[in-house]
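Since the structure comes first, as structure tokens, the remarks are kept for the end.
The values are calculated or read from the model by the stated rules, or taken from the named source; none is laboratory data. Just so it is clear, the structure is predicted and the values come from calculations on it, not from any experiment. Every residue, glycine among them, receives a Cβ derived from its backbone with ideal geometry; neighbour counts consider all protein chains shown.
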Amino acid sequence: MFQLHNFNTDTIEQVHQRCVLITGTCTSKSNHVSVETQARRGVPAFPPTQWPTSNGYFSALILLAQGLNTIVFMAGSNDGDDGDDHSPDKIELRLRYMPLPKTTPPLHLAILVAKDSPLLIDCPPVKFGNISSTHSSLDAAIAKFRVTALMWQTAVAEDMRKNGLGRRSFRLDETLAIDTLTRKSTQSTPASDSLNWVPQVHLVRGAMTVAALRTMRTDELHDVFLKALKRYGGPFTTESKPVVAGLVLDSHYNPQKNRVLASADHGTHDPNGLSLGMYGSHHTYAWPRFVDEIPDCLLDSRPIDNSVWNDQGHGHAIRDACARSQTAFLRNVACAFGAHASKSVKSQVWHKRFLCRIPNSLDDDVKLIEYDSSDWDTISIWDIADVLNFRTHQPHLHLPGDEVLPKDAPTVEITGTVKNVTITIRCASKLARVIFDQKTNLANLSYFNDSVAEIVYDHEYIEKHLNKYWALKIEVLGMNGVTHVVENVWEHLPALTTITIPGTNGVTLHKQSVGPRSNVSPDGGGIYNGHWTAWTVMLRKPHPTRKKKFIRATKLALHIGDALDGARVYYSDNSVVSYGRCSRCGHKGHIGGHQTRRVFLNKGTEITKVAVTRARDGDQSRWPLRGLRVWFSDGKAIGAMNLKSANTKDDSFVEYLTPPAGHVVVGLYGHHGPSAWLTTEFGIITAKREDVERWPRKVYDVEAWEGKVDEGEKQQEAKNEGEAHRKKRRRVSQERVSYPLHSVPVGCGN
């Protein structure tokens, strides 16, 4: 008894690609399933094919004739005989094949041939067959290219179906020629009886010799192929914006150099011209010539000898060369369509697409992994982001009657604080995928299959599944193929602490910082095994004798080297408050930083935003804070971010501190030490704007908030600066915002 998994036998489904991949089960104990495709009135459209079974499961790639097809599945006998059993299991499936209209641009197939080419491809002796050209001639290469393209087309269609997009795939340009798609059709006589529609392969003669091609780099060969296609003309005009799968016939493995000459593993997309995904012919010998040869090639356990290229080392079999090269070529074709995320699938994944059993390992010639229906649908040939992008933006993969989806990008709304955050994600075209990514590992990945337009991740979900001490990246993919990325959620939600100061009639301050978020003791122990120094600097302070007068900050200096060393705040009474110490001697009057910057603060100037470069490994880093930049209300900005420092490389990201609506920055705070006395935490103190002028002096008397003034620092600072620094003050004070736009996350202005 048969049961099909991906087709319904009760209806007549309409498909638009030349082949379909059908999976199912058969309760018979046969070792294979025989499949015959019949056209109208029971006339066979193609010779029968056989596909192996495993634990009752089977997979079969079926050729279709235009119009209505009746596909008959029959259990074969255990002795390999093609005859019927006494009571054979049998099932019929009816499909209607309607080719896509000619207005749908096809994927073109082309073979680049050098002007003096011998018209042969690499082939190990074990594949010679009855004559040496069985798998190495130009005719064999054309036949193999056709079948490989049909395998691609079918695999893509199943990927689309799996992702809820229907069976859609690229159209292959076809021509009426001798049918090479099945083994028996090539043996038909007379030749006129074997004419059929087959994928068209264009032979493009290049202007270069074989020797010249084999000295070229891959990018140079790609340019040569493009020029040859344009000279060829026909469908390869720039105006038609063709997408081409190109095979370089004269690629060749050189044992002496142990590399492939005329290597052609490359693909590029040109939205306004000719797009080409190309590959060399050095593994083509392993490809099937006929559809019914697919199982033989994907299960060929004979080892690859040293006469042909083996990019996986000793012991690998021909079946692996077949799978690796077909998928690598398909990856390049995806690049030609404009893919960004898709990669070559693993060899065993490609085997699973077409077989119910696969090799247990790449160098295992005997054992086979039996079919497992639980993991079949997890196999993807192209990344879903590329699949949806193609579906929306590539006419090659459009189907008649496709709905036009909104082009709006998904939105990510982040509310609350780090301690109580809510993330709301919406997309007008429905959500396809949401990825939470922390430290390059997927903390969570969700697929929605065109059914959800909004999803809310509340505080409880985030507490359970995510780590607030690591950068959190969110990538949202809409069903329209548009992606929205938030590089780090926490930079939109700095930690916020609200403190009401006792005895001040409800005066409230808000603190938010970038720095250690683990349970670390400032007095030592924890991750930082040493002494920390806490500091707080207010941007104004009470006058010592005049009760209603305040002394304001007039200059800010940021001391930054390869990491954040410290800062100094200068006041109108010539006093100075410092935090940080010399990284070499620990002296407070000698703060380091070869990128030190200073800015004068005019009366009424406010801090509007602070950006802090933080180590991606957070609390585990020896230098947790790498850089700092401060923006002011008068348009000035100072600091250095160190995003691409030699010491930081790619392990840093930016967090932002901004005052809440209606608040103003009234002070700075943090910790420095113990590692080289570098700053380990940096934060801002804010309060409601209308309350600041009414603050009682007691606010500044609270020891936890009062900066310590070292009168000796004023003289030391003047000595360090010298006259040369004084001459530069005017230029430094005129510094404007220059932070790169691409590094500012969505929602943070400049």
### Query
Is it true that some residue in region 592-610 is outside any strand (DSSP E or B), at pLDDT below 75 and over 30 Å from Gln438 (Cβ atoms)?
yes
### Task
Keeping to region 666-710, report how many residues are modelled with pLDDT under 75 and over 20 Å from Lys549 (Cβ atoms).
9
## Note on the structure
With criteria (1) more than 27 Å from the chain's Cα centre (by Cα); (2) closer than 22 Å to Ile62 by Cβ; (3) among the aromatic types (Phe, Trp, Tyr), Phe170 comes up short on (1)
### Message
Exactly one of these conditions fails for Pro242: (1) out of contact with any helix residue (DSSP H, G or I) (no Cβ under 6 Å at 6 or more places or on another chain); (2) surrounded by 24 or more Cβ atoms within 10 Å (Cβ to Cβ). Give me its number.
### Response
(1)
### Query
Taking region 245-266 only, how many residues are surrounded by fewer than 24 Cβ atoms within 10 Å (Cβ to Cβ) and within 27 Å of the chain's Cα centre (by Cα)?
3
### Unmet requirement for Pro271, which otherwise passes all of (1) surrounded by fewer than 23 Cβ atoms within 10 Å (Cβ to Cβ); (2) at pLDDT 95 or above
(2)
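Looking at region 96-120, which of the residues that are assigned to a loop (DSSP other than H, G, I, E, B) and under 35 Å from the mean Cα position of the chain (by Cα) is farthest from Gln394 (Cα to Cα)? Steps first, answer last, please.
At the first step, the residues of region 96-120 found to be assigned to a loop (DSSP other than H, G, I, E, B) are 98-105, 114-119.
Now drop any that are not under 35 Å from the mean Cα position of the chain (by Cα), which leaves 98-105.
Numbers: Met98: 20, Pro99: 18, Leu100: 14, Pro101: 15, Lys102: 15, Thr103: 13, Thr104: 10, Pro105: 9 Å.
Restricting to residues being assigned to a loop (DSSP other than H, G, I, E, B) and under 35 Å from the mean Cα position of the chain (by Cα), the top hit is Met98.
For Ala323, state whether it is within 16 Å of the chain's Cα centre (by Cα), hydrophobic (A, V, I, L, M, F, W, C), at pLDDT 55 or above and assigned by TED's automatic domain parsing to the domain that holds Gln153. Give the derivation first.
Details: within 16 Å of the chain's Cα centre (by Cα): no; hydrophobic (A, V, I, L, M, F, W, C): yes; at pLDDT 55 or above: yes; assigned by TED's automatic domain parsing to the domain that holds Gln153: yes.
Answer is no for this residue.
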### Message
Of everything in region 50-66, what is surrounded by 21 or more Cβ atoms within 10 Å (Cβ to Cβ) and part of a loop (DSSP other than H, G, I, E, B)? Give them in sequence order.
### Response
Leu64
### Query
Taking Glu13, is it acidic (Asp, Glu) and buried (at least 16 other Cβ atoms within 10 Å of the Cβ)?
no
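When region 539-573 is examined, which residues are found to be among the β-branched types (Val, Ile, Thr) and surrounded by fewer than 21 Cβ atoms within 10 Å (Cβ to Cβ)?
In the first step, residues of region 539-573 are kept if they are among the β-branched types (Val, Ile, Thr); the result is 545, 551, 554, 560, 569.
If the condition is that a residue be among the β-branched types (Val, Ile, Thr) and surrounded by fewer than 21 Cβ atoms within 10 Å (Cβ to Cβ), then Thr545, Ile551, Thr554 are the ones that fit.
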### Message
Exactly one condition in (1) within 20 Å of Lys144 (Cβ to Cβ); (2) over 34 Å from the mean Cα position of the chain (by Cα); (3) part of a loop (DSSP other than H, G, I, E, B) is false for Met208; which is it?
### Response
(1)
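Determine if region 278-289 includes at least one residue that is more than 29 Å from Trp51 (Cβ to Cβ) and at pLDDT below 90.
At the first step, the residues of region 278-289 found to be more than 29 Å from Trp51 (Cβ to Cβ) are 278, 280.
Those left that are additionally at pLDDT below 90: none.
No, the conditions are met nowhere in region 278-289.
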### Subset of region 192-215 [among the polar types (S, T, N, Q) and buried (at least 17 other Cβ atoms within 10 Å of the Cβ)]
Ser194, Asn196, Gln200
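Per-residue answers, yes or no, for (1) modelled with pLDDT under 85; (2) in contact with a helix residue (DSSP H, G or I) (Cβ under 8 Å, 6 or more places away or on another chain); (3) outside any strand (DSSP E or B); (4) surrounded by 14 or more Cβ atoms within 10 Å (Cβ to Cβ):
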residue: Lys343; (1), (2), (3), (4): yes, yes, yes, no
residue: Ser380; (1), (2), (3), (4): yes, yes, yes, yes
residue: Phe390; (1), (2), (3), (4): no, yes, yes, yes
residue: Val404; (1), (2), (3), (4): no, no, yes, no
residue: Gly416; (1), (2), (3), (4): yes, yes, no, yes
residue: Thr422; (1), (2), (3), (4): no, yes, no, yes
residue: Ala432; (1), (2), (3), (4): no, yes, no, yes
residue: Ala443; (1), (2), (3), (4): yes, yes, no, yes
residue: Ser446; (1), (2), (3), (4): yes, no, no, yes
### Single residue of region 16-44 satisfying the filter (among the polar types (S, T, N, Q) and at pLDDT 85 or above) that is surrounded by the most Cβ atoms within 10 Å (Cβ to Cβ)
Gln17
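Yes or no: Pro47 over 22 Å from Ile142 (Cα atoms), touching a helix residue (DSSP H, G or I) at 6+ places or on another chain (Cβ under 7 Å), modelled with pLDDT under 90 and surrounded by 15 or more Cβ atoms within 10 Å (Cβ to Cβ)? First the steps, then the outcome.
Numbers: over 22 Å from Ile142 (Cα atoms): no; touching a helix residue (DSSP H, G or I) at 6+ places or on another chain (Cβ under 7 Å): yes; modelled with pLDDT under 90: yes; surrounded by 15 or more Cβ atoms within 10 Å (Cβ to Cβ): yes.
For Pro47, the condition - over 22 Å from Ile142 (Cα atoms), touching a helix residue (DSSP H, G or I) at 6+ places or on another chain (Cβ under 7 Å), modelled with pLDDT under 90 and surrounded by 15 or more Cβ atoms within 10 Å (Cβ to Cβ) - is not met.
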### Task
Identify all residues within region 620-639 that are at pLDDT below 90, part of a loop (DSSP other than H, G, I, E, B) and of a type in the set (D, E, K, R); write none if there are none.
Arg622
### Message
Any residue that is at pLDDT 90 or above, surrounded by fewer than 16 Cβ atoms within 10 Å (Cβ to Cβ) and touching a strand residue (DSSP E or B) at 6+ places or on another chain (Cβ under 9 Å) - is there at least one of those in region 149-167?
### Response
no
